[in-house]
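The next block holds one structure in the form of structure tokens; read it before the comments.
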Amino acid sequence: MDPSPEVLLDLHRRMVRIRHFEESAGRLAEQNRLPGFLHLYVGEEAVASGVCANLDDDDQISSTHRGHGHLVAKGGNYGYMMAELMGKATGYCGGKGGSMHICDLDLGMLGANGIVGGGVPIAVGAGFANKYRGNDRVSVVFFGDGASNIGAFHEAANMAAALSLPVVFVCENNEYGEFTPRERTMAITDVVDRAAGYGMPGAIVDGMDVVAVWEAAKEAVSRARRGEGPSFIEAKTYRFYNHHGVQTLGMKYRTDDELAEWKQRDPIELFEDRLAAAGVLDAGGAQAVHDAAEADIEAAITFAEESPLPDLDNLLDDVYTGANLTAATYSGASS
């Protein structure tokens, strides 16, 4: 299938917006202007963009600890995202979630997750609810190669297949679980082989080619929306930065040659060359997209830095449901 020029431009814009947000967040972290942990999505932009371009706002996604790219691709607001990373009250989670727990329920982003594989059963639960309600929503779960080794992944995949739920499993295989190469944690080369054990179709795509991802996701999402059950996509991709942050923290687990080889396949640069060759977007037009994203991120940083910190009086708001708990109740001062 051939995407229209409008789709191609949309895919490009999504990737560029992810790249600028992540690069800016990385710089801020190095300058000690962001608290907490930061796991960057740079290099993997084609996966989130290609998948989310096939989704509606009502469709749901669940994410990972490397989740900023997923929310940007789903249409997330730069300002609320940056404020959340800075722990400010105007952030998506009121400054209480930070980088690894960012979410936007209005956009169907069910949350990033600090637990490896923790988002898999959440997406399957959403898929169950969608089928139960009889709507045409689809839930998508993004997870890494390492997450396919945990029990919750297998239980969720089995449930999704057994109940024919409208779920799309997207494995972002960047070949490393934190600092450990994939071949040291599993005996198979292709994670998608696991889909056959649950009776769901699977496909391997070049995760550095946004059109290839878009095509595979279009088929999987359409299949789920038609009520034909779950699918599995393995996107072979690579993260350009370390597991955490930008610096290596003394952990040399990838060779310089390996990193340089993958950077030659930068998904944005390759796509911009492709768009120029097709006469869809020239260098000037591409630069305008980058400039617009850069202006938006600068405005977001200003918004976040000028926003207040959370009020201590609101410490327990949104933490518990079903009861109006006070600090006194929580501390045991009241029965």
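The values are calculated or read from the model by the stated rules, or taken from the named source; none is laboratory data. Just so it is clear, the model here is predicted, and its values are computed rather than measured. Cβ: placed from backbone, ideal geometry, glycine included. Neighbour counts: every protein chain shown. We work out accessible area using only protein heavy atoms, side chains counted, and drop any ligands, DNA or RNA first. Shrake-Rupley method; radii C 1.70, N 1.55, O 1.52, S 1.80 Å.
Of the residues L163, L34, L107, the one that moves most in a GNM of the chain with alpha-carbon contacts below 10 Å is L163. Summing charges over all other residues whose Cβ lies under 13 Å from the Cβ of E172, with Lys and Arg as +1 and Asp and Glu as -1, gives -2.
If the viscosity is 1.306 mPa s and the temperature 10 °C, what Stokes-Einstein diffusion coefficient in µm²/s follows for region 49-99 when Rh is the Kirkwood radius over Cα pairs? Could the numbers behind the result be given before it?
On the way: Rh = 11.3 Å.
My calculation gives 140 µm²/s for D.
Residue by residue, region 288-300 carries 3J(HN,Hα) couplings of 5, 5, 4, 5, 5, 5, 5, 5, 5, 6, 5, 5, 5 Hz when phi is fed to the Karplus relation 6.51 cos²θ - 1.76 cosθ + 1.60 (θ = phi - 60°); x denotes Gly or Pro. Backbone geometry of region 302-309 corresponds, through the Karplus equation with coefficients 6.51, -1.76 and 1.60 at θ = phi - 60°, to 3J(HN,Hα) couplings of 4, 4, 5, 5, 8, 7, x, 6 Hz, x marking Gly and Pro.
Here the Gaussian network model covers the chain, with springs between Cα atoms less than 10 Å apart; of D145, D136, D296, D136 fluctuates the most. Amide H to amide H, with H built 1.01 Å from N, Q60 comes under 5 Å of V138, S139, V140, counting only residues 5 or more places away or on other chains.
Compute the accessible area per residue over region 1-71, keeping the other protein chains in place, probe 1.4 Å, unit Å².
On a per-residue basis, region 1-71 sits at 34 Å².
Full extension from D257 to I115: what is 0.36 nm times the residue separation minus their Cα-Cα distance, to one decimal in nm? It would help to have the intermediate numbers written out before the result.
On the way: separation 142, 0.36 × 142 = 51.12 nm, distance 3.09 nm.
So the chain would gain 48.0 nm between D257 and I115.
The GNM of the chain, with springs linking C-alpha atoms under 10 angstrom apart, assigns the highest mean-square fluctuation among R225, R27, R182 to R27.
Over the alpha-carbon set of the chain, divide Rg by the Kirkwood Rh and report the Rg/Rh ratio to two decimals. Intermediate values should be presented prior to the final figure.
Numbers: Rg = 20.0 Å, Rh = 20.5 Å.
Using Cα coordinates only, the ratio equals 0.97.
Residues in region 84-93 carry Karplus couplings, in order, of 5, 4, 8, x, 9, 5, 8, x, 3, 10 Hz; the curve used is 6.51 cos²θ - 1.76 cosθ + 1.60 with θ = phi - 60°, and Gly or Pro positions show x. Residues whose amide H comes within less than 5 Å of that of G144, counting only those at least five positions distant or on another chain, are G117, E172 (H built at 1.01 Å from N in the peptide plane).
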